[in-house]
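Step one of this worksheet: look at the structure below.
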Amino acid sequence: MSSSTSFVLNGKALAQKIQCELQEWVRKQQPSIGRPPGLAVLMIGDDPASAVYVRNKERACAKVGIASFGHHFPANTSQKELETVIRQLNQDPRVDGILIQLPLPVHLDTVQLLLAINPDKDADGLHPMNLGRLIRGETGLRSCTPAGVMRLLEEHQIAVAGKQAVVVGRSILVGKPLGLMLLEKNATVTMAHSKTQDLRSVTRQGDILIVAAGKPEFINADMVKPGAIVIDVGINRVVRSDGTSQLVGDVDFNSVADIAQCITPVPGGIGPMTVAMLLSNTVLSYHQRETP
Ligand code: NDP
């Protein structure tokens, strides 16, 4: 065990606090609106990890008082069938948010399905319209994982403006929208990726280092600026030499915790924050639809 000196940013506790606030807000608003907020979760196929994520999201919805409308489709469901269901959900007055659990079976076109969602019901904030709003600095539903990172920083009063922020990973799901959100808050942002040369010299520049690469424990203490804020988005299941399996992040927590100022754990860091932001987007959409 490491004798870590850094402060652990507890995403699980903050996510619970956000859920309590949303629950209270829904409890107060629902009588006058006459219905609860609603989230439709579309799961296609039987990927066990996706099934766990969907169950967690549905449980979290129940806690907050959001009605969840689960739709589970077999892996061979056609693009056309799914687009028809999405169009029906777009029209359904009980539904404020529509979420497609990713990744999808390979025969399906993810972008076309995301495009079929009404952008105002885009609970995951992945519709190109909402990503465009982010680029333009306009209000809109934000992608949940990067929004969760920003909320965690904000809650702990970690100043972003003027800081060197390094993001490792440039996916459309995490890295790119996160880079834009940091930029919006006036950080000086560097995006690193698999073609970055001398990654260590880049990551060591980060006052704030955020890692979303999907590579178990690959950021070690030598790659981190002493005193940095380190946010680990990665979730990887690894099998240890003794045969046990464990969830780990992209950051080697034990070594980095010795030199970072703050660090997020895995699990219990950005994972629960992502779910909290999904609930928050659904409640925001409910609020906007019911109070024009
Ligand atoms: P992707 O596989 O879509 O993207 C990974 C990114 O990391 C790519 O941009 C890739 O570069 C970059 N990368 C890969 N290897 C390296 C390397 N050796 N050095 C530098 N950059 C590298 O993954 P996601 O963005 O979807 O997810 C990233 C991680 O975050 C995963 O572990 C995932 O499970 C986790 N995740 C966690 C969530 C949560 O709720 N906490 C939500 C979503 C994801 P290139 O573009 O050049 O290929």
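The values are calculated or read from the model by the stated rules, or taken from the named source; none is laboratory data. Remember, predicted model here, so these are calculated numbers, not experimental data. Using ideal geometry, Cβ is built from the backbone for each residue, glycine included, and neighbour counts are taken over all protein chains shown. Heavy atoms of the whole protein, side chains included, go into the accessibility calculation; ligands, DNA and RNA do not. Shrake-Rupley method; radii C 1.70, N 1.55, O 1.52, S 1.80 Å.
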Only one of Leu114, Leu82 that is outside any loop (DSSP other than H, G, I, E, B), open to solvent by less than 40 Å² (accessible area, probe 1.4 Å), in contact with a His (Cβ under 7 Å, 6 or more places away or on another chain) and not assigned by TED's automatic domain parsing to the domain that holds Pro177: Leu114
Within segment 240-292, the residues that are out of contact with any Ser or Thr (no Cβ under 9 Å at 6 or more places or on another chain), at pLDDT 95 or above and among the β-branched types (Val, Ile, Thr) are Val248, Thr264, Val266, Val275, Thr282, Val283
In segment 248-278, how many are in contact with a Gly (Cβ under 9 Å, 6 or more places away or on another chain), within 16 Å of the ligand (Cβ to nearest atom) and not acidic (Asp, Glu)? 19
Residue set Gly97, Gly70, Gly65; condition modelled with pLDDT under 95 and surrounded by 13 or more Cβ atoms within 10 Å (Cβ to Cβ); output residue Gly70
Using beta carbons and a limit of 8 Å, which pairs, at least six apart or on different chains, have the first residue in segment 198-216 and at positive phi and the second one of a type in the set (Asp, Glu)? Gly214/Asp250
Does segment 138-155 hold any residues that are part of a loop (DSSP other than H, G, I, E, B), more than 16 Å from the ligand (Cβ to nearest atom) and of a type in the set (D, E, K, R), and which are they? Glu138
Filter result (more than 8 Å from the ligand (Cβ to nearest atom) and among the basic types (Lys, Arg)) within segment 156-178: Lys163, Lys176
Does Gly179 satisfy being assigned by TED's automatic domain parsing to the domain that holds Arg151 and free of Cβ contacts under 8 Å to residues at least 40 places away in the same chain? yes
Which of the following residues is surrounded by fewer than 20 Cβ atoms within 10 Å (Cβ to Cβ), of a type outside the set (Gly, Ala, Ser) and not in a helix (DSSP H, G or I): Ile158, Ile135? Ile158
For segment 192-247: of the residues being part of a strand (DSSP E or B) and surrounded by fewer than 11 Cβ atoms within 10 Å (Cβ to Cβ), which is nearest to the ligand (Cβ to nearest atom)? Arg237
